[in-house]
Amino acid sequence: MFLPEFKTFEVEQEKISFLKKLKQLLIGSARNTSDSSFFQHTTLISFLAWVGLGADSLSSSSYGPPEAFIILNQHHHLGLIVALMSSITIFIVCSGYNLIIDLFPKGGGGYFVAGKLLSPKLGMVSGCALILDYVLTITISIASGTDAIFSLFPGKYSEIKLPFSFAMIFFFILINLRGIKESIKLLLPIFLLFLTTHVIAITYSLISHFGNLGDILDEVLIDFKSSKSQLGTYGLIFLILKAFTMGAGTFTGIEAVSNGMPVLREPKASTAKKTMAYMAFSLAFMVLGLMISYLLFHIEPEQNKTLNAVLYGEITKDWTLFGPSFVIVILLSESCLLFVAAQTGFLDGPRVLANMATDKWFPTSFAMLSDRFVIQKGIILMGILSGLIMAISHQSVKFLVILYSINVFITFTLSQLGMSKHWWKQRKIGDKWLKKFFINGSSFIVCGFILIMVIILKFHEGGWITLLITFIFILLALTIRNHYDRIERKLRKLDAIVPIAELEIKKIFKNIKSPNYSFEYIPKSSNKTAVLFVNGFNGLGISSLLYLLKLFDAHFKNIVFVEIGILNTRTLLNEQVVHNLDEEVKSDLKHYVHLVNKFGFEGGAIRTLGTDVTVEAEKIASTILEKYSNCIFFGGQILFSDNKTFSKYLHNYAAFSLQRRFYEKGLPFIILPIDIT
């Protein structure tokens, strides 16, 4: 059989070379999993994880405590009670998530916890809520940061605020496509500047007015009594709870560590707990420190100034040498950290989406990784959705704040409910179950209460929009899952052919004696060779093999099976998981080779691991052609009876992609249609 040579054209090579150079310049060159230091380069130590995952919660100090303080109006001294409640809540919720880390050491975000401990559908609800929450995290962080930056310039420049925000979204997409670690290192100086300046300001505030701390406690008691007499007991409780709830933005981002555990350095559980400790103590320090500082300096809201800006001005008014400069630096660091907080959305949002895609709540393509081993499609989608909300809301931070912080408490509540249910089930067999039940149960009650209060207070102001969008996400997820379930049921019927594969082949070839080739046997290169791409030892692969044999009878002497193990968010966790995937692929191919060897064919097997079937197949093709110049490539493709437009976005149609790529190289590729209807 004549096989045409690869066709190469100089213009095409120049085009590919230019695109590759552009990609390497903007995103970087492809990573190699065979590199022994691969996981060192792509995972985060606890400090970097604190930067990437903790910026969201830490930046909330720019609006959480001020929001609670302003709600209290003339009852400002009750703010200390609210701050103490917030700090206690931070440690309760963080303790609850530490137990989640213990129970799910490979990663246990709200989607996993609710899905495994409550029900898959409640897990899906939690996941949908989280995805929208991360989209809003990106949107409000960039919108707030843009507002803060442009407040330093004359009003005439406000017309370019929206384009600037879009540019920032594009910038974050780009740096995240380069890699997790690279993006965080780029943002590290901003985080450190924010942390250093705020620690200096708050520490100076407390030390310089240390003698007045006792007076603050007395004033809190006086304010408590006067508020009670003015508002009544229930009115006082409602005011405190309202301020506590409206400052609930302080708690957003706490769940990010358990969601982002797959990107943490081994041992993941230990790294996650260190990160959680950094987050809890830094956040509690900011909340309590700022609230006490407001009271020590008798801060009152001023028009066209944030409460924190007023505070820093008061703290530094006696710093004659560099006071004004320090205020500018600390406010600039707050503004910039709001941008950095968007990184949490880009880190964890695509990961939640990928996990849900793996479980087929969303298109499975969102679980795929790029050659930089980042969730490319998820990152791009998060940026697009954020840009849409930014445009629709006209970048109104006030409106975005109303939409924000509802969904995160849906996830908090479901996660803590699932953990409480788990410890209750473990009460007869588990050790120290009561303590763990109390921690998660307390966290559930607090988060559930905040969720109810936030919905009540924000519903008519626009919070219903968040719930409506979440409901649409849920309906979409249910529709997609129903489609995949229908296909799965049909494929399971197709798998029924696997145990009787030998009988089916015997119907085609009778009285053939097996030469008993071993798996390591390499077929003769001079023989006519069929190269069949498979994906597991299953009904689809066996049906493709049978189709090939029926079409070509004994035309081919060699049958070489090729399987590409896909590295995605579930299979690229650590070296052991990657090794297990490789062994699984090897086992699949052994079954195929053993099967065809029984009927006199010379079976061969080639395997590799990668993130993209088409790219890896192209690489393998050149290797195969070197061994078997007289070959034809084959691939099975399922025929879908469902809506073709809908199916196009839910299935990768890998065989068609391979055929197109191989056609461009002048290589014969035959698609074997497999009807599962």
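The values are calculated or read from the model by the stated rules, or taken from the named source; none is laboratory data. Predicted, not measured: the structure shown is a model, and the values here were computed from it. When we count neighbours, we look across all protein chains shown, and the Cβ atoms used for this are built from the backbone with ideal geometry, even at glycine.
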Checklist entry - Only one of these conditions is not met by T479: (1) surrounded by 18 or more Cβ atoms within 10 Å (Cβ to Cβ); (2) over 24 Å from T137 (Cα atoms). Which number is it? => result (1)
Next on the checklist: What's the number of the only condition in (1) touching a strand residue (DSSP E or B) at 6+ places or on another chain (Cβ under 9 Å); (2) surrounded by fewer than 19 Cβ atoms within 10 Å (Cβ to Cβ); (3) not polar (S, T, N, Q) that G600 fails to meet?
Outcome noted: (1)
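Just for helices (runs of 4 or more DSSP H) wholly inside the stretch 354-428: which have at least 3 residues that are modelled with pLDDT of 90 or more and over 15 Å from the mean Cα position of the chain (by Cα)? I'd like the intermediate steps shown before the answer.
Values: elements: 376-392, 397-403, 407-425.
The qualifying helices (runs of 4 or more DSSP H) are 376-392, 407-425.
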Item to check | Positions within the stretch 464-489 being farther than 24 Å from A354 by Cα and touching a residue at least 40 places away in the same chain (Cβ under 8 Å), in sequence order | outcome: I465
Checklist entry - When K490 is evaluated against the numbered criteria (1) outside any loop (DSSP other than H, G, I, E, B); (2) buried (at least 19 other Cβ atoms within 10 Å of the Cβ); (3) modelled with pLDDT of 85 or more, which criterion, by number, is the only one it fails? => result (2)
Next on the checklist: Kindly evaluate E563 against the criterion of being closer than 30 Å to I375 by Cα and at pLDDT 90 or above.
Outcome noted: yes
Checklist outcome for this item: Reported set for the stretch 380-396 where residues are more than 11 Å from I169 (Cβ to Cβ) and either surrounded by fewer than 20 Cβ atoms within 10 Å (Cβ to Cβ) or touching a Phe, Trp or Tyr at 6+ places or on another chain (Cβ under 9 Å) (or both) is L381, I392, S393, H394, S396
Next on the checklist: Report every pair of residues separated by at least 6 positions or lying on different chains whose Cβ atoms are under 6 Å apart, first residue within the stretch 130-147 and at pLDDT below 90, second not in a helix (DSSP H, G or I).
Outcome noted: I140/Y404; A143/Q395
Item to check | Residues (buried (at least 18 other Cβ atoms within 10 Å of the Cβ) and of a type outside the set (A, V, I, L, M, F, W, C)) located in the stretch 190-249 | outcome: T197, H198, S205, D223, S227, T245, G247, G249
Next on the checklist: Of the conditions (1) over 18 Å from N73 (Cβ atoms); (2) in contact with a Leu (Cβ under 6 Å, 6 or more places away or on another chain), L206 satisfies every one except a single condition; which number is it?
Outcome noted: (2)
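Conditions tested, residue by residue: (1) within 21 Å of I620 (Cβ to Cβ); (2) surrounded by fewer than 18 Cβ atoms within 10 Å (Cβ to Cβ); (3) touching a strand residue (DSSP E or B) at 6+ places or on another chain (Cβ under 7 Å); (4) not aliphatic (A, V, I, L, M).
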residue	(1), (2), (3), (4)
D553	no, yes, no, yes
V562	yes, no, yes, no
G565	yes, no, yes, yes
Q576	no, yes, no, yes
D588	yes, no, yes, yes
V593	yes, no, yes, no
Item to check | Criterion violated by V577 - all others in (1) over 30 Å from V374 (Cα atoms); (2) out of contact with any Gly (no Cβ under 7 Å at 6 or more places or on another chain) satisfied | outcome: (1)
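Name the single residue that is farthest from T250 (Cα to Cα) among those in the stretch 457-468 being at pLDDT 90 or above and among the hydrophobic types (A, V, I, L, M, F, W, C).
The initial filter retains those residues of the stretch 457-468 that are at pLDDT 90 or above, namely 464-468.
This time we only want the ones that are among the hydrophobic types (A, V, I, L, M, F, W, C), so: 464-465, 467-468.
Working: W464: 21, I465: 22, L467: 21, L468: 24 Å.
Selected residue: L468.
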Item to check | Failed item in (1) of a type in the set (S, T, Y); (2) within 26 Å of W361 (Cα to Cα); (3) surrounded by fewer than 19 Cβ atoms within 10 Å (Cβ to Cβ), with T623 passing the rest | outcome: (2)
Item to check | Test for F224: is it closer than 28 Å to G52 by Cα and part of a helix (DSSP H, G or I) | outcome: no
Item to check | Every residue from the stretch 106-121 that is touching a Ser or Thr at 6+ places or on another chain (Cβ under 6 Å) and either surrounded by fewer than 24 Cβ atoms within 10 Å (Cβ to Cβ) or not in a loop (DSSP other than H, G, I, E, B) (or both) | outcome: G110, Y111, V113, A114
Checklist entry - Only one residue in I207, I169, I216, I202 is at pLDDT 90 or above and over 39 Å from the mean Cα position of the chain (by Cα). Which one? => result I207
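Taking into account only those residues within the stretch 293-339 that are in a helix (DSSP H, G or I) and β-branched (V, I, T), which is nearest to the chain's Cα centre (by Cα)?
Step one: filter the stretch 293-339 for residues in a helix (DSSP H, G or I), giving 293-296, 307-315, 323-339.
Still in the list and also β-branched (V, I, T): 310, 315, 327-330.
On the way: V310: 37, I315: 40, V327: 35, I328: 34, V329: 32, I330: 30 Å.
The selected residue is I330.
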Next on the checklist: Pairs needed: first member in the stretch 431-446, farther than 18 Å from S87 by Cα; second member anywhere, crowded, with 19+ Cβ neighbours inside 10 Å and modelled with pLDDT of 90 or more; C-beta distance under 7 Å; at least 6 residues apart or different chains.
Outcome noted: W433/W423; K436/L99; K436/W423; F437/S420; F437/W423
Next on the checklist: in the same structural domain as F601 (by TED's automatic domain parsing), in a helix (DSSP H, G or I) and either free of Cβ contacts under 8 Å to residues at least 60 places away in the same chain or not small (G, A, S) (or both): is that true of E461 in this structure?
Outcome noted: no
Next on the checklist: Among the residues in the stretch 141-154, are any under 18 Å from the mean Cα position of the chain (by Cα), in a helix (DSSP H, G or I) and crowded, with 18+ Cβ neighbours inside 10 Å?
Outcome noted: yes
Item to check | Which listed residue is in contact (Cβ under 8 Å) with a residue 24 or more places away in the chain, at positive phi and in the same structural domain as D56 (by TED's automatic domain parsing), from G96, G127, G115, G107 | outcome: G107
Checklist entry - Would you say T306 is closer than 25 Å to F153 by Cβ, among the hydroxyl-bearing types (S, T, Y) and assigned by TED's automatic domain parsing to the domain that holds G383? => result yes
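Can you name every one of the helices (runs of 4 or more DSSP H) wholly within the stretch 1-95 that holds 1 or more residues which are of a type in the set (S, T, Y) and at pLDDT below 85? Step through it out loud before you land on a result.
Working: elements: 10-26, 38-42, 46-59, 64-71.
Fully inside the stretch 1-95 and qualifying: 10-26, 38-42, 46-59.
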